[in-house]
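Novice: Right, I'll just put the structure down here and ask away after.
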Amino acid sequence: MKAIRKYVIAATGTALALSLTACGGGEKDTRDPQTVLKAAAQKTAEANSYRTKRRVTDKDGTERGEYAFSRKPDLAERKTWRPETKNGKKGRDRFDHTLSEGRTLYSREAGIADGRWVSMSLQEKGEAPPKPGDIQKTAEGSLPNLLGVLRTSKDVRKVGRETVGDHEATHFKGTVVLADLSADKGGTMRDWLRELYVRKHREAGLEKVEIDLWIGEGDLPVKSEEYGKGSKGETRVTEEYTDFGADLGIRIPKGKETITQDEWLRDIRDKASRGIDPLS
């Protein structure tokens, strides 16, 4: 179950609560980039839900992901397809599917627990629940971070109007130098998120990142792209955002569809003690 813990940072996190100075998205929007990014940050923070389609390409291949995120009720869904290599040959993509409700995570994997959802609590017994500002769901994607990170760029600029899917959007672009971001105390994002962003990108061998962000009608982002090239090769992350405020239809499994992590582990130990393949 370590893989489950790796991919989930549970509970609701808010993006940036910043002032909305104008409503934009139209052809005559003459606001400067920082003003638009502030407005987009607030609109994202206010959105009760949205979907993210994510594509990550690096030296290990391309991982695809589909995320759905709801603040109230506190629900999330995450689906990923990751390339797997065996004996130097590329095999089938590995599919992972997780759901969360509050501080409870559900994961299902082929051949595990007779196809049932394995549930586990992300809060230890006796542990106080975290404050909303101290956590962020994986299902939120990179959007809350990107809005804060891009605002620290010294050369963030408006590229122009473009069509993204079915949306007319304004394209913004900027270069983020990780050393500058690490030193930034301007309050555009929470300290721990800024430090995490810097650390993870440096672990990927990067010292700077190019960020493109497309903001559509009502100051809601529709697409983002991060690109970096460093000591470990190239990394590109593309996300598309839809269904802001919609009912995403996230269904949490109940009853016989589920088994707790403790019950599942007891079942594995019992089968092993009787000489039965635990995964049978």
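The values are calculated or read from the model by the stated rules, or taken from the named source; none is laboratory data. All values derive from a computational prediction rather than experimental measurement. A quick note on method: Cβ atoms are made from the backbone with ideal geometry, for glycine too, and the neighbour counts reach across all protein chains shown. When the accessible area is computed, the model is the full protein with side chains, heavy atoms only, and any ligands, DNA or RNA have been set aside. Shrake-Rupley method; radii C 1.70, N 1.55, O 1.52, S 1.80 Å.
Novice: Collect the residues in region 99-116 that are part of a strand (DSSP E or B) and more than 21 Å from ILE268 (Cα to Cα), keeping them in residue-number order.
Specialist: LEU99, SER100, GLU101, THR104
Novice: Testing ALA179 on (1) outside any helix (DSSP H, G or I); (2) at pLDDT 90 or above, one condition comes back false. Which one is that?
Specialist: (1)
Novice: Quick check on my filter: what residues within region 167-186 are closer than 14 Å to VAL156 by Cα and open to solvent by less than 50 Å² (accessible area, probe 1.4 Å)?
Specialist: Correct list: THR170, HIS171, PHE172, GLY174, THR175, VAL176, LEU181.
Novice: Assigned to a loop (DSSP other than H, G, I, E, B), modelled with pLDDT of 80 or more and over 19 Å from the mean Cα position of the chain (by Cα): does that describe SER119?
Specialist: no
Novice: Name the single residue that is farthest from LEU248 (Cα to Cα) among those in region 83-95 being among the basic types (Lys, Arg) and at pLDDT 80 or above.
Specialist: Across region 83-95, the extreme among qualifying residues is ARG92.
Novice: Looking at region 71-82, I want the residues that are closer than 14 Å to ALA246 by Cβ and modelled with pLDDT of 95 or more and have a partner that is open to solvent by 20 Å² or more (accessible area, probe 1.4 Å) and hydroxyl-bearing (Ser, Thr, Tyr) with Cβ atoms under 7 Å, at least 6 apart or on another chain. Which pairs are those?
Specialist: Between residues of region 71-82 that are closer than 14 Å to ALA246 by Cβ and modelled with pLDDT of 95 or more and residues that are open to solvent by 20 Å² or more (accessible area, probe 1.4 Å) and hydroxyl-bearing (Ser, Thr, Tyr), there is no close pair.
Novice: Given the conditions (1) modelled with pLDDT under 90; (2) crowded, with 19+ Cβ neighbours inside 10 Å; (3) not acidic (Asp, Glu); (4) not in a loop (DSSP other than H, G, I, E, B), report the number of the one that ALA15 does not fulfil.
Specialist: Condition not satisfied by ALA15: (4).
Novice: Still on this structure: Filter region 145-166 down to the residues that are in a loop (DSSP other than H, G, I, E, B), out of contact with any helix residue (DSSP H, G or I) (no Cβ under 9 Å at 6 or more places or on another chain) and either surrounded by 13 or more Cβ atoms within 10 Å (Cβ to Cβ) or without any contact (Cβ under 8 Å) to a residue 24 or more places away in the chain (or both) and list them by number.
Specialist: ASP155, ASP166
Novice: Restricting to region 45-92, name every residue that is within 19 Å of LYS137 (Cβ to Cβ) and hydrophobic (A, V, I, L, M, F, W, C).
Specialist: Result: ALA45, ALA47, VAL56, ALA68, PHE69, LEU75, ALA76.
Novice: Right, here's the next one. State all residues of region 191-206 that are among the charged types (D, E, K, R) and either out of contact with any Gly (no Cβ under 9 Å at 6 or more places or on another chain) or modelled with pLDDT under 85 (or both); if no residue qualifies, say none.
Specialist: ASP191, GLU195, ARG199, LYS200, GLU203 - these are the residues of region 191-206 that are among the charged types (D, E, K, R) and either out of contact with any Gly (no Cβ under 9 Å at 6 or more places or on another chain) or modelled with pLDDT under 85 (or both).
Novice: State the number of residues belonging to region 230-280 that are open to solvent by 70 Å² or more (accessible area, probe 1.4 Å) and among the hydrophobic types (A, V, I, L, M, F, W, C).
Specialist: Final tally of qualifying residues: 1.
Novice: Tell me, which residue of region 96-114 that is more than 21 Å from the chain's Cα centre (by Cα) and open to solvent by 40 Å² or more (accessible area, probe 1.4 Å) is nearest to GLY249 (Cα to Cα)?
Specialist: Top of the filtered list is ALA110.
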